[in-house]
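Colleague: Structure below; questions to follow.
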Amino acid sequence: MKPYKELTKNELLTVKAALEEEYKAMEAKGLKLNMARGKPGFTQLDLCVPMLDIINSASDMRTVLGNDTRNYGDLDGIGEIRHLMAAMMDVKKDNVLVCGNSSLNIMYDTVSRSFTHGVNGSEPWYKLEKVKFLCPVPGYDRHFKITETSA
């Protein structure tokens with residue numbers, strides 16, 4: 001198919017009519033999709049329910065080093081979790097950070113630091129004329145909103 005800008009008015013109207021029919025067919029399926037956020041389904045959430053019963057008020061919350069995991073912990077995360085994740089990713093424990101459970105916070109901090117300090121010794125983004133980067137998480141609306149924040 002030719003690019004839209006090369007189509008005549010009648011060809012554009014034909015394409016529009018075909019797309020409207022395709023849209024109506026999809027709409028008729030009655031799907032209820034929420035693409036705004038990556039909310040897991042009930043089945044996915046139910047997978048973790050047994051884990052919620054493992055830890056209770058009688059559980060020892062200290063790490064091997066004696067740190068209480070109910071507190072802030074270390075800046076790079078709980079050592080045992082870093083060790084587990086390092087083994088799963090086949091990397092050194094020193095190359096693993098364990099953050100909170102919010103990808104949005106991690107993404108915001110990463111973009112913010114990149115803007116003010118650069119990445120791996122490169123120029124800070126605010127000094128560059130144009131910046132492009134790949135977002136390694138699903139492109140939820142809130143992740144993209146981070147890049148639209150203005151000074």
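Just so you know, all these numbers are worked out from the coordinates, no wet-lab data involved. Keep in mind that this is a model prediction, so the values were computed, not measured. Quick reminder, even Gly has a Cβ in these numbers, built from the backbone with ideal geometry, and neighbours come from all protein chains shown.
Colleague: Which value, to two decimals, describes the C-alpha radius of gyration of segment 1-76 once divided by 2.2 N^0.38 Å?
Modeller: 2.38
Colleague: Just tell me the longest site-free run in the chain, where the sites are chymotrypsin sites (Phe, Trp or Tyr not before Pro) in a DSSP loop having at most 13 other beta-carbon atoms within 10 Å.
Modeller: Longest stretch, sites excluded: 1-71.
Colleague: If you don't mind, there's one more thing I want to ask. Just to be sure I understand: with springs between alpha-carbon atoms less than 10 Å apart, which residue in 127, 92, 24 has the highest mean-square fluctuation in the Gaussian network model of the chain?
Modeller: Ranking 127, 92, 24 by mean-square fluctuation puts 24 first.
Colleague: Something else about it: Identify, among 135, 59, 89, the residue whose Cα sits farthest towards the positive end of the charge dipole of the chain, taking +1 on the Cβ of Lys and Arg and -1 on the Cβ of Asp and Glu, with the dipole about the Cα centre.
Modeller: Value: 135.
Colleague: Excluding residues on the same chain fewer than 8 positions from residue 9, give the lysines whose Cα lies under 28 Å from its Cα.
Modeller: 24
Colleague: Still on this model: If only Cα atoms are counted, what is the Rg of the chain, and what is its Dmax, in Å?
Modeller: 23.8, 75
Colleague: Quick one: order 62, 82, 142 by neighbouring beta-carbon count within 10 Å, fewest to most.
Modeller: Neighbour counts put them in this order, fewest first: 62, 142, 82.
Colleague: Have a look at 33, 47, 19 and tell me which one the Gaussian network model of the chain (Cα, springs below 10 Å) gives the largest fluctuation.
Modeller: It is 19.
Colleague: Spelling out what I want: for every residue of segment 39-52, take phi, set θ = phi - 60°, compute 6.51 cos²θ - 1.76 cosθ + 1.60 (Karplus), and round to whole Hz; glycine and proline get x.
Modeller: After applying 6.51 cos²θ - 1.76 cosθ + 1.60, I find 6, x, x, 4, 4, 5, 5, 5, 4, 8, 4, x, 5, 5 Hz.
Colleague: Let me ask something else. So what's the gap between the Cα centers of segment 1-33 and segment 98-136, to the nearest angstrom?
Modeller: Each part's Cα centre sits 38 Å from the other's.
Colleague: Given the rule -39500 (n - 2.57) for each run of at least 4 DSSP H residues, summed and divided by the residues of the chain, what is its mean residue ellipticity at 222 nm, to the nearest 500 deg cm²/dmol?
Modeller: Roughly -12000 deg cm²/dmol at 222 nm, from the helical runs in the chain.
Colleague: If you don't mind, there's one more thing I want to ask. Normalise the Cα radius of gyration of segment 30-118 by 2.2 N^0.38 Å (N = residues in it) and let me know the number.
Modeller: 1.42
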